[in-house]
Amino acid sequence: MKKNLKLAVQKKGRLSDKSMQLLRNCGLDIENFQDRLIVSATNFNLDILFLRDDDIPEYVQDNVAHIGIVGENEVLEKGLDVEIVKKLGFGRCSLSLGIPEKSKINDVNDLSNKTIATSYPNILKNYLVENNVEAKVIELSGSVEIAPSLGVADFICDLVSTGNTLKLNKLKKSFKVLDSQAALIKSKIMDEDPELKKLFDKLLERIESSLKAQKSKYIMMNIPKNSLDRIIEIIPSLKSPTVLPLSDENLLAVHAVISENKFWDINEDLKKAGASGILSLPIENIIL
Ligand code: PRP
Ligand code: ZN
């Protein structure tokens, strides 16, 4: 029987939906996974394990899951021996100080002799040591945001993404300790098995092509023949643009792939150079 590559993802939380979306964008057909701990892709040798995000680095270190999708924050906190292969560009958040709405702190020195509740004691303690500040760190595994109102801690240090959790608990964000986002991690011994390595390389190639595609747009437009040189100057294309004749021989159609954030920048210039009917379309995959 062929071996399956085992991938761990967060069971329920900020990264769950986007992790599954990334896999689907890679062309993986995954059955309905509601409430199941493990599912297999029907068209790729891959098992998906749904775990608490805090546990993912350890499962991957031990090669129980060969690879995982998890926040960089969890990898740093656990300090385990796994390889960060790729940052995935979603699940962006910061590990920040949260303080009661009415409090005021200016910088890390104001934490001196205070009590701070967090699920990230290692990252926070390192940060305090680096800044020569002595404070008491209380480790809580969840619901950290209620610690100040219960009188258990003066401040908290927790992940902030939209800021809603802080707001709901009458806290505000103070300074940042760390930036984080979702990352693809891998066990350091997984690729000793050539069969698994082959599967991993194939999956990684698909992930990279899907991430690249998300950041790109396919643009099309019609232009007067005599403005072709100017239009090509304007388009910051991945490759040289495609130029096609139209039935009106004074016009040409130009197609190109550009990075998404450039689209609005060049739009005005294209129009000024005579382009019309400018379309932009999403791309599913790019294999260069
Ligand atoms: C983090 C954090 C907050 C929430 C903040 O939890 O502990 O509860 O996200 O997000 P917000 O600023 O958008 O409200 P996470 O999803 O990492 O789950 P976990 O801590 O339960 O593992
Ligand atoms: Zn967690």
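The values are calculated or read from the model by the stated rules, or taken from the named source; none is laboratory data. All values reported here derive from a predicted model rather than from experimental measurement. In this analysis, Cβ positions are derived from the backbone assuming ideal geometry, glycine residues included, and neighbour counts consider all displayed protein chains.
Please find, within segment 52-92, the residue that is farthest from ligand 2 (Cβ to nearest atom) out of those that are assigned to a strand (DSSP E or B) and crowded, with 21+ Cβ neighbours inside 10 Å. Explain how you work it out, then say what you get.
Quick first cut of segment 52-92, residues assigned to a strand (DSSP E or B) only: 67-71, 82-87.
When the remaining residues are screened for being crowded, with 21+ Cβ neighbours inside 10 Å, the result is 67-71, 82.
Details: Ile67: 18, Gly68: 13, Ile69: 13, Val70: 9, Gly71: 8, Val82: 16 Å.
Applying the filter and picking the extreme gives Ile67.
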Pairs needed: first member in segment 131-144, part of a strand (DSSP E or B); second member anywhere, at pLDDT 95 or above and away from ligand 1 (no atom under 16 Å from the Cβ); C-beta distance under 6 Å; at least 6 residues apart or different chains. Lys136/Thr115; Val137/Lys125
Look through Glu233, Glu208, Glu249 and report the one residue that is part of a helix (DSSP H, G or I) and loosely packed, with under 15 Cβ neighbours inside 10 Å. Glu233
What is the one condition in (1) surrounded by fewer than 18 Cβ atoms within 10 Å (Cβ to Cβ); (2) among the aliphatic types (A, V, I, L, M); (3) away from ligand 1 (no atom under 16 Å from the Cβ) that Leu140 does not satisfy? (3)
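Out of the residues in segment 271-288 meeting the condition of being of a type outside the set (A, V, I, L, M, F, W, C) and under 24 Å from Asn222 (Cα atoms), tell me which one is modelled with the lowest pLDDT. Working first, answer last.
Of segment 271-288, the ones of a type outside the set (A, V, I, L, M, F, W, C) are 271-272, 274, 276-277, 280, 282, 284-285.
Filter again for under 24 Å from Asn222 (Cα atoms), leaving 271-272, 274, 276-277, 280, 282, 284.
Working: Lys271: 95, Lys272: 95, Gly274: 96, Ser276: 96, Gly277: 95, Ser280: 93, Pro282: 92, Glu284: 87.
Among those that are of a type outside the set (A, V, I, L, M, F, W, C) and under 24 Å from Asn222 (Cα atoms), it is Glu284.
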Working carefully through the options Arg14, Arg24, find the one that is in a loop (DSSP other than H, G, I, E, B), charged (D, E, K, R) and within 22 Å of the chain's Cα centre (by Cα). Arg14
